[in-house]
Every structure is written in structure tokens, then in C-alpha cells.
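Visitor: One structure, pasted below without further comment.
The values are calculated or read from the model by the stated rules, or taken from the named source; none is laboratory data. Bear in mind that the values here come from a model prediction, so they are computed numbers and not experimental data. Glycine gets a Cβ as well: all are built from the backbone with ideal geometry, and neighbour counts include every protein chain shown.
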Amino acid sequence: MIRRAVPADASRIAEMIVTNYRVNFYPFFKNDPFYFGELNVLDVAEEYAEGSETLNCTYVFDDGGVVKGVIRVSGSEIEKLYVEPQFQSSGIGAELLRFAVDELGADQLWALEYNSRGIAFYKRNGFELTGEKMIEDEWVPLLKMKLTGSSRNIQNNGKEDNI
């Protein structure tokens with residue numbers, strides 16, 4: 001079930017985000033001070049404090065009390081989409097993506113240029129690269145993706161939803 005995140009979810013959301021950053025992005029950047037110092041569960045959890053804008057635009061995939069995935073949408077942009085690594089490739093990412101598109105009107109996102117699995121996932125689900133690129137925090141290359149007008153049906157094939 002997908003539901004709006006609540007303050008009690010903050011530590012679980014932070015745990016998923018930190019784990020995914022370390023597993024999926026550390027191999028590209030190998031920035032020990034960032035990934036094992038600055039990036040930590042306590043600080044990320046603070047972003048999801050009660051009443052925060054971040055919490056208000058975040059939804060979780062809750063499977064009987066176990067939060068297995070998270071998506072954050074601001075306006076029409078998907079800002080974050082992560083599934084706990086143990087539950088990846090089970091359709092959770094596609095379900096969260098479908099929810100964001102169908103219920104929240106999301107139609108764009110920025111993907112890490114090096115994240116070929118993530119880009120392939122979004123492409124399978126109707127998003128295309130726009131050709132726009134930006135550098136975040138002076139060293140993180142991101143590529144813009146937009147949902148194509150003819151592809152508003154998100155697949156749920158359960159493959160590679162490890163965004």
C-alpha cells in the first residue's frame with residue numbers, strides 16, 4: 001500500500017536513502033568523507049521531521065507495517081525514488097512510479113548520469129532523456145528525463161526497480 005509518509009517513518013526513509021546512496025552511487029564517486037561521514041541516517045532523518053515540506057511531499061510503500069520503498073515528488077518532479085535493496089526487482093519501484101504519475105501528476109525527474117539501471121528502468125516506464133544535463137553540488141552529473149505524452153502507462157514487470 002502506498003501512503004503519505006508520517007514522522008514515524010523518518011528513520012526508515014533515511015535508512016533506505018543512505019543505503020541506496022552507498023550501494024548504488026559510492027562505486028562511481030568513491031568519496032569516503034561524504035558517503036561515510038556527511039551522509040548519515042540521523043541527518044537525513046531530520047529532513048523528514050514533523051511539519052517539514054520534505055515529509056509533506058513524500059510517500060512510502062508500506063507492506064503490512066514494513067516500509068520497503070519511498071518516493072518524493074515536488075510539483076511535477078520526482079525528486080527521489082528508492083527501494084530497499086532486499087526488495088528490489090519485485091515491482092515496488094514501478095508501483096511507486098505509477099502512483100507518482102497517476103495520482104500526483106509527476107512527469108519529470110533528474111537521474112544520475114552513471115545510473116544505467118535507473119535510466120533503463122525509467123525508459124521502460126515511459127520516460128525519455130531530454131538532452132538536458134546539470135551538475136549538482138559541483139560534481140554530480142544529472143540527466144533530465146520526462147514522461148512522453150504517449151507513454152503514460154507505467155509497467156509493473158517487477159524488473160530492476162532499484163532506483
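Visitor: For region 9-51, enumerate the residues that are closer than 15 Å to VAL67 by Cα and among the basic types (Lys, Arg).
Guide: Selection gives ARG12 alone.
Visitor: Could you say which residue among ASN115, ASN125 is more than 20 Å from ARG12 (Cβ to Cβ), among the polar types (S, T, N, Q) and touching a residue at least 60 places away in the same chain (Cβ under 8 Å)?
Guide: Numbers: ASN125 fails: touching a residue at least 60 places away in the same chain (Cβ under 8 Å).
Going through ASN115, ASN125 in turn, just one is more than 20 Å from ARG12 (Cβ to Cβ), among the polar types (S, T, N, Q) and touching a residue at least 60 places away in the same chain (Cβ under 8 Å): ASN115.
Visitor: For region 111-145, name all the residues that are in contact with an Asp or Glu (Cβ under 8 Å, 6 or more places away or on another chain) and assigned to a strand (DSSP E or B).
Guide: LYS133, PRO141, LEU142, LEU143, LYS144, MET145
Visitor: Can I ask one more? Of these, GLU50, GLU103, GLU38, GLU15, which one is acidic (Asp, Glu) and closer than 30 Å to GLY131 by Cα?
Guide: Values: GLU50 fails: closer than 30 Å to GLY131 by Cα; GLU38 fails: closer than 30 Å to GLY131 by Cα; GLU15 fails: closer than 30 Å to GLY131 by Cα.
Being acidic (Asp, Glu) and closer than 30 Å to GLY131 by Cα holds for just one of GLU50, GLU103, GLU38, GLU15, which is GLU103.
Visitor: Does GLU79 satisfy the criteria of being over 26 Å from ILE119 (Cα atoms) and surrounded by fewer than 17 Cβ atoms within 10 Å (Cβ to Cβ)?
Guide: no
Visitor: Also: Select the strands (runs of 3 or more DSSP E) contained entirely in region 1-105, then report the ones holding at least 3 residues which are under 26 Å from TRP139 (Cβ atoms) and either over 15 Å from the mean Cα position of the chain (by Cα) or in contact (Cβ under 8 Å) with a residue 12 or more places away in the chain (or both).
Guide: In region 1-105, 66-74, 77-83 are the strands (runs of 3 or more DSSP E) which contain 3 or more residues that are under 26 Å from TRP139 (Cβ atoms) and either over 15 Å from the mean Cα position of the chain (by Cα) or in contact (Cβ under 8 Å) with a residue 12 or more places away in the chain (or both).
Visitor: If we scan region 58-71, do we find a residue that is closer than 19 Å to TYR21 by Cα and modelled with pLDDT under 95?
Guide: The answer is no, given that none of the residues of region 58-71 is closer than 19 Å to TYR21 by Cα and modelled with pLDDT under 95.
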